[in-house]
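The values are calculated or read from the model by the stated rules, or taken from the named source; none is laboratory data. Quantities reported herein were computed from a predicted structural model and do not represent experimental measurements. No Cβ is skipped: glycine too gets one built from the backbone with ideal geometry, and neighbour counts run over all protein chains shown. These accessible areas exclude ligands, DNA and RNA; they are computed on the full protein's heavy atoms, side chains included. Shrake-Rupley method; radii C 1.70, N 1.55, O 1.52, S 1.80 Å.
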Amino acid sequence: MDLTTRYLGLSLRNPLVASASPLSVSLDRIVGLADSGVGAIVLYSLFEEEVNREELRDVAIVETHEHAFGEAMSYFPSTARPTEGEPSAVLRYLRLIERAASTVDVPVIASLNGSTEGGWTRLARSMQDAGAAAIELNTYFVPGDPHTPARLVEDRHVEILREVKDSVTVPVAVKLSPHFSSPGEMALRLDEAGADGLVLFNRFLHPDVDPERMTVEPGVVLSRPEEARLPRAWIAILHGKVRGSLAATTGVERSEDVAAYLLAGADVVMTASALLRHGVQHAASMVRGLEEWLIRKEFSSLDEVRGRLAVPADADRTAYERAGYVAALQRGRDTYSSLGIR
């Protein structure tokens, strides 16, 4: 079975992509992912805060010692680095891109995670120069100020994309949140602004309150298959409506989840939680399972599958989704009414 897929204009051997996670923080792990059979690898995210923190530290060092005598050639600020000889976060990331791109035989996609304008273009260009096949923009912006207008949040996403697109020639994908008033309109705006692909959806890792310790704790929970319904619904709506590629992420645990996303209209299906939960070798079983499903269903290619269950092009998409919602409620009522639940 030929599983060759196009994503962001790149040729992939299959539609399963390893999304950004701790599994891609070192060359050994990246090689392991490539050997497991994935079609492409998104590197762990380089965070805006990490870069800014190092840049602010360097400025502080210069300002602290700007009046030191130049004749003291042996003088070196003891605070120059947290660990002597350790490269900066940016340099480590660029070196990893360079080594990975020259070692594995699948596309290596760099990931930028931030929320403000500025600095992205320089980093994106450096990633391209290091050998990244594409760049994924993970604009993780939660407007904590309740006075922040929704349009300002949306405009920031579009402006960041435009700045990056103006600075690189490799494809650029945008990883989106589902928490827009109109995710579809946001997707169309980004598509019109030049996004080569959209990744649906980012998962917000909200902190939570521990009532026993009375502390706020970071929240890191791996995704489950039931979380796939929301991104799958939007992929089904957007299929055929955007120029760029559609990548699915969240809730990808089994080969059946991959097949369901493809039927909805995804070009590729990304996973991290399943590989973290079961090990990178799980990717091979997911690819095998997809092949077996295609054969069992008598499909001869992925083209026959992709978008087969997307919202029909001539349908009223709002009415279509509303009808699905009402049908789900009716099924729930029919299922649980026998249990005495009203």
Sketch the reach of a paramagnetic label on residue 243 as a point 7 Å from Cα along Cα-to-Cβ, and name the residues of the range 179-202 whose backbone nitrogen lies under 18 Å away. 185-199
In debye to the nearest 20, the charge dipole size for the range 197-272, taken about the Cα centre with +1 at each Lys and Arg Cβ and -1 at each Asp and Glu Cβ, equals 440
Counting only other residues whose beta carbon sits under 12 Å from that of residue 293, what net charge do I get with K and R as +1, D and E as -1? -1
What FRET efficiency comes out for residue 224 versus residue 301 if R0 is 41 angstrom and r is the Cβ-Cβ distance? Round to the nearest 0.05. 0.85
Can you compute the FRET efficiency between residue 169 and residue 278 using 1/(1 + (r/R0)^6), with r the Cβ-Cβ distance and R0 = 35 Å? Round to the nearest 0.05. 0.40
Here, residue 129 and residue 35, labelled 7 Å along Cα→Cβ, have an inter-label distance in nm of 3.3
Starting from the 7 Å offset along Cα-to-Cβ, what nm value, one decimal, do you get for the label separation of residue 204 and residue 2? 4.4
Report the extension gain between residue 142 and residue 95 in nm, rounded to one decimal, defined as 0.36 nm multiplied by the number of residues separating them, less their alpha carbon distance. 13.9 nm
Radius of gyration and Dmax over the Cα atoms of the range 103-216, both given in Å: 16.0, 52
Whenever you get a sec, line up 300, 182, 21 from highest to lowest accessible area (probe 1.4 Å, protein heavy atoms). 300, 182, 21
Toward the positive end of the charge dipole of the range 209-257, about the Cα centre and with charges on Cβ (Lys, Arg +1; Asp, Glu -1), which of 230, 245, 219 goes farthest? 245
Accessible area of residue 105 in the full protein assembly, 1.4 Å probe (Å², nearest 10): 120
Per-residue SASA entry for residue 226, accessible area with 1.4 Å probe, Å² rounded to 10: 120
How do 121, 169 stack up against each other in accessible area, from largest to smallest, with a 1.4 angstrom probe? 169, 121
